[in-house]
Amino acid sequence: LSGYQHPSAHRKVELLADAANIDILHLTIPPSGLSDGAHRSASGARQYSSMEVPVYWPHGKIDPHRVVFRSTLTAMRRFRPDIVHCEQEQEGLMAAQVALARFLFARRAPLILYSWQNILRKRSLPVLAICRYTLHAAQHILCASTGAENVLRVQGYKGGTTVAPMFG
């Protein structure tokens, strides 16, 4: 699942799709640049599925941290993933919604998030609540830097981390 709209952000999925014995359903937000349906992997030898999911922008403002998928629960219930990789910050509404969908329909699937956040800033109570929920739900978080990893630890995250800068 990714909240990124630029087509270059899909390159990671194309590369992952080349791996044998995995099926990928890539949920994106509009306008993602991908049509719904089958797409070729990076080598062209395999395929993966993509689905653009309608979203709601609270306050009418386009902000990938404050986006709500309208049908993530339906997609998760149908696909039943073995791994849920949500490329969103721990404080995003999308991350919380994905964590809930995973809890309801794919409990055994590990939840992996991604964090760029390398500065610990004051947060409002609702944002802190979302953060606590997603950190508790995540089994692993990919971090853009050791600074992002440090922020996670200060926020109380005890799960696994890997420092892996994002490349589109």
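Of the set (1) aliphatic (A, V, I, L, M); (2) in contact with a strand residue (DSSP E or B) (Cβ under 8 Å, 6 or more places away or on another chain); (3) farther than 22 Å from residue 12 by Cβ, all apply to residue 154 but (2). Take the conditions (1) open to solvent by 80 Å² or more (accessible area, probe 1.4 Å); (2) within 24 Å of residue 76 (Cβ to Cβ); residue 137 misses just one of them, which is (1).
A Cβ distance below 7 Å, combined with a sequence gap of six or more or placement on separate chains, defines the contacts here; from segment 13-39, residues that are without any contact (Cβ under 8 Å) to a residue 60 or more places away in the chain reach residues that are among the basic types (Lys, Arg) in the pairs 17/46; 18/46. Exactly one residue out of 130, 119 is part of a helix (DSSP H, G or I) and open to solvent by 30 Å² or more (accessible area, probe 1.4 Å), and it is 130. Does segment 46-69 contain any residue that is closer than 22 Å to residue 102 by Cα, modelled with pLDDT under 70, in contact with a helix residue (DSSP H, G or I) (Cβ under 7 Å, 6 or more places away or on another chain) and in a helix (DSSP H, G or I)? The answer is no; no qualifying residue exists. Looking across segment 18-49 at every residue that is over 25 Å from residue 88 (Cβ atoms) and among the small types (Gly, Ala, Ser), the one that is least open to solvent (accessible area, probe 1.4 Å) is identified as 44. Scanning segment 90-103 for any residue that is closer than 21 Å to residue 49 by Cα and touching a Pro at 6+ places or on another chain (Cβ under 9 Å) turns up at least one such residue. Filtered by the rule that a residue be under 16 Å from the mean Cα position of the chain (by Cα) and either farther than 18 Å from residue 85 by Cα or in contact (Cβ under 8 Å) with a residue 40 or more places away in the chain (or both), segment 138-168 gives 138, 141, 166, 167, 168. Picking from residues in segment 70-89 that are outside any loop (DSSP other than H, G, I, E, B) and open to solvent by 20 Å² or more (accessible area, probe 1.4 Å), the one that is modelled with the lowest pLDDT is 73.
The values are calculated or read from the model by the stated rules, or taken from the named source; none is laboratory data. Worth saying up front: this structure is predicted, and the values here are computed from it rather than measured. Virtual Cβ from ideal backbone geometry, glycine too; neighbours counted across all protein chains shown. Surface areas here come from the heavy atoms of the whole protein model, side chains and all, with no ligands, DNA or RNA. Shrake-Rupley method; radii C 1.70, N 1.55, O 1.52, S 1.80 Å.
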